[in-house]
């Protein structure tokens, strides 16, 4: 015996529908009926076209596999209910994201009717895409900030080594030099790091000092 499909139970958690429309396909006669909402999803005024399998195929999104016509054909053949998410390339040139839910009526000879719901998720998908775009922008900004911060931290470490000062004092020196020369802090830090990495004269005493410190700190804790 057929059970009435629940269109909202097919929605992913947290999703909200723009609108819900009902359809009915009489398999024996090949006739379809749509509620006004489904006409709108396909970009038509209610009653302005005759629903058909051919119309579904015409407005199927080329990137969707399986296509909706294949889903209906499988339901007709197997008698199994279904739920699928896909896109409509509508007549008004809008691509709509929908969930289609279907239930199947059968008798001794096979499938007689397929009926169910379309659930329009277009606005929800757009909101989702906007949120993903915002997150991507935030991530890119964070990466830039981290890269900028890394250069400043390197410059601070060089100043701390050269002057024997702490992190706060090194940062204050960078800021003072930046303001005096009217150079952005990040740019100044990058210049300093580049200059120290490629010095005109090798700072032998600094290197010897670092080697001695590294050797001492690399010893087992009880020997330090």
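In summary, residue 102 fulfils each of the numbered conditions (1) surrounded by 18 or more Cβ atoms within 10 Å (Cβ to Cβ); (2) modelled with pLDDT under 90 with the single exception of condition (2). Does residue 9 qualify as being in a loop (DSSP other than H, G, I, E, B), modelled with pLDDT under 95 and within 29 Å of residue 110 (Cα to Cα)? No, not satisfied. Checking each residue in segment 35-48 for being surrounded by fewer than 16 Cβ atoms within 10 Å (Cβ to Cβ) and assigned to a loop (DSSP other than H, G, I, E, B) picks out 45, 46, 47, 48. Restricting attention to segment 50-84 and to residues that are touching a residue at least 40 places away in the same chain (Cβ under 8 Å) and in contact with a helix residue (DSSP H, G or I) (Cβ under 9 Å, 6 or more places away or on another chain), the residue that is surrounded by the most Cβ atoms within 10 Å (Cβ to Cβ) turns out to be 72.
Looking across 17, 90, one residue alone is at pLDDT below 90, within 26 Å of residue 123 (Cβ to Cβ) and buried (at least 16 other Cβ atoms within 10 Å of the Cβ). It is 17.
For segment 49-69, the set of residues classified as part of a helix (DSSP H, G or I) and farther than 17 Å from residue 83 by Cβ consists of 53, 54, 55, 57, 58, listed by residue number. Tallying residues that are at pLDDT below 80 and farther than 13 Å from residue 155 by Cβ within segment 168-209 yields 12.
The values are calculated or read from the model by the stated rules, or taken from the named source; none is laboratory data. Note that the structure is predicted; figures quoted are calculated from it, not measured. Methodologically, a virtual Cβ is constructed for each residue, glycine included, from the backbone with ideal geometry; neighbour enumeration extends over all protein chains shown.
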